[in-house]
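Working notes, beginning with the structure itself.
The values are calculated or read from the model by the stated rules, or taken from the named source; none is laboratory data. Keep in mind that this is a model prediction, so the values were computed, not measured. Neighbour counts run over all protein chains shown; Cβ positions are idealised from the backbone, glycine included. To get the accessible areas, we keep the full protein, side chains included, count just its heavy atoms, and leave off ligands, DNA and RNA. Shrake-Rupley method; radii C 1.70, N 1.55, O 1.52, S 1.80 Å.
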Amino acid sequence: MEQERFRIVESKYLLSAVNPSQMKKDKKKEIAFIGRSNVGKSSLINSLCNHRGLAMVSREPGKTRTINYFAIRSRRDLVGGGDARTTEQHWYLVDLPGYGFAKTGGQNREAWSRFIADYVENSKDLALMCLLIDLRHPSLPIDVKAYRWLRGLGMPLQVIGTKADKLNQHDKQKHICELAQNYPADYPPLMYSSLKHTNRERLLSVIETFIDEEQP
Ligand SMILES: Nc1nc2c(ncn2[C@@H]2O[C@H](COP(=O)(O)OP(=O)(O)O)[C@@H](O)[C@H]2O)c(=O)[nH]1
Ligand SMILES: [Mg+2]
């Protein structure tokens, strides 16, 4: 029987793309994060990588208008038949611009969705899109709109309810059910707290299924 443990061993900021020509196209798998401005994308990336200060957490919403790439190195232990070995993978975490900020109205909104669509269309190695939704507000029309749009673009989707530490046990359960109803996706929604690292291992194990072993 094989046992595996998947973990991130190194994470570093790589670049911020402001136009499609700067987007990475080098065959490494990409796991992207999208959501309303201030929903907790940068915090979740830092929590997942166990790397404080990796992605900039800002108090002022609507700052990130770039696509930020983080280079990730992970390891997987394979134990089986008395033989232990560790393999290494290289991939990207991608922090996409937030939506729903007041200034992202009208023309700006179109520019935003064009930029994200360019990213999705250009990134043949986009493996999984994680849509972050504030668990306190599981039914905001702007999130429903973003969800429908992403579903239409058709890539694997994982919905994540953020800031779970801000809800009591009853509301957590109630709101995660609402997320499942409002945003049916390839995987059941996960709740997450970047403050407490709640469900860090579960999210990592979802991501793991999209990260291949590299061919030597
Ligand atoms: N209590 C709590 N606060 C959070 C959590 N995640 C993010 N925040 C706070 O929410 C604000 C926005 O977070 P940030 O990661 O910058 O959101 P982004 O705009 O989506 O990247 C910051 O003040 C964070 O400290 C969480 O899991 N729990
Ligand atoms: Mg951010």
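Looking only at residues in the range 67-101 that are open to solvent by less than 30 Å² (accessible area, probe 1.4 Å) and at pLDDT below 90, the one that is nearest to ligand 2 (Cβ to nearest atom) is Gly98.
Under the condition of being farther than 18 Å from Met129 by Cβ, in a loop (DSSP other than H, G, I, E, B) and free of Cβ contacts under 8 Å to residues at least 12 places away in the same chain, the residues counted in the range 158-216 number 3. Quick one: is Ser37 touching a Pro at 6+ places or on another chain (Cβ under 6 Å) and over 28 Å from Thr86 (Cα atoms)? Here the answer is yes, as Ser37 does meet what is asked. For the range 70-77, the criterion of being within 22 Å of Gly154 (Cβ to Cβ), in contact (Cβ under 8 Å) with a residue 60 or more places away in the chain and either among the basic types (Lys, Arg) or part of a loop (DSSP other than H, G, I, E, B) (or both) is met by no residue. Looking at Lys12, Lys29, just one residue is out of contact with any Ser or Thr (no Cβ under 9 Å at 6 or more places or on another chain), away from ligand 1 (no atom under 14 Å from the Cβ), over 21 Å from Leu131 (Cβ atoms) and of a type outside the set (Phe, Trp, Tyr), and that residue is Lys12.
So, Ser58, is that one loosely packed, with under 15 Cβ neighbours inside 10 Å and either within 11 Å of ligand 2 (Cβ to nearest atom) or modelled with pLDDT under 80 (or both) or not? So Ser58 fits the description; yes.
Residues in the range 1-40 that are within 12 Å of ligand 2 (Cβ to nearest atom), open to solvent by less than 20 Å² (accessible area, probe 1.4 Å) and not in a loop (DSSP other than H, G, I, E, B): Phe33, Ile34, Gly35.
Taking every residue in the range 41-57 that is within 16 Å of Arg73 (Cα to Cα) and pairing it with any residue that is of a type in the set (S, T, N, Q) and assigned to a loop (DSSP other than H, G, I, E, B), at least 6 positions away or on another chain, the pairs with Cβ-Cβ distances below 8 Å are Asn46/Ser194; Ser47/Ser194.
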